[in-house]
Amino acid sequence: MEHYLELVEAVAFSHPKNCMEENEDAVLPAVITKNAIFIALADGVGGSDGGSTASNVAISTVRREILDNPDCNLKEFFHKVSSNINIEAEKQTNMKNMATTLVICKITSGKVEIANVGDSRAYVIEGKSAKKLTTDHTKKQELIDSGIFKSSELKGHHSGSLLTNSLRANKKFKIDVDTYESNSCSIVLVSDGVYQSFDGTRIVGNSGADNLLQLCSNLKKRVLNNGPHDDFSLVAVRFKSG
């Protein structure tokens, strides 16, 4: 039996927190290969020289690797990104600490693979429910996982912005890889500049996964209404397969 995979809808945006500063986020809108759909998002680490360079190196590397070797294991994409960040850091001594987060989604017939380093997130939207597919690599998450604090007790705490894992020049990193099985859903990748505006509240309003553009538009409006505290980016797809 022949399987099929269809991209139904795709949405992406990426903006700096204000027009006077450089956007350190970068996104990869949907790339369609013979057997898969890919999206990715990177958030250059603020406060480290070369954050925007690191995120752009990450996304350009992923795009090139997808086109050159779409069947490549997602972990191999991360190692290639790390290698290219190291090369770029060697070229520019003022960027020796450059770093970025990176989350990549690969969709094949009936299966969604998510690979993640850092605190950019992936959500799956089915109907009007949203489920977070990634775990934040932050000090806050470590404190929650240890049982010392509940998530509600650390809402707004500064530990949420302290990364414990990233793609940093000449540093080791840990990759989380998860698989989600579905024949029809929406996948949404967001930087922290987006999810900080709705953390702890429902992502999906009256528009569910069947209207991805409206859902993403509502998220963007919420960021703008709250006043952006960071660069804010999103890339999303709705697909069906069988």
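Where a number appears in this text, it was derived from the coordinates with a stated rule and is not lab data. None of these values were measured; they are calculated from a predicted model. When we count neighbours, we look across all protein chains shown, and the Cβ atoms used for this are built from the backbone with ideal geometry, even at glycine.
A few comments on the model shown:
- Sequence-separation-based contact order of the chain, relative, with Cα cut under 8 Å and 6+ spacing, percent: 28
- Region 40-121 - Rg and Dmax from Cα coordinates, angstrom: 12.9, 45
- Among 51, 127, 193, residue whose mean-square fluctuation peaks in a GNM of the chain (springs only between Cα atoms under 10 Å): 127
- Annotation: lysines with alpha-carbon distance below 19 angstrom to residue 91 (same-chain offsets under eight excluded): 80, 171.
- In this simple spin-label model, placing a label point 7 Å from the Cα along the Cα-to-Cβ direction at both residue 72 and residue 131 gives a separation of 2.9 nm.
- Residue among 55, 120, 223 farthest towards the positive dipole end of the chain, charges placed on Cβ: 223
- From its DSSP helices (H runs of at least four residues, each -39,500 (n - 2.57)), the chain gives a residue-normalised ellipticity at 222 nm of -8000 deg cm²/dmol.
- Loop-located trypsin sites (Lys or Arg not before Pro) in region 1-73, at most 15 other Cβ atoms within 10 Å (DSSP): 34
- Most mobile of 173, 77, 38 in a GNM of the chain (Cα contacts under 10 Å): 173
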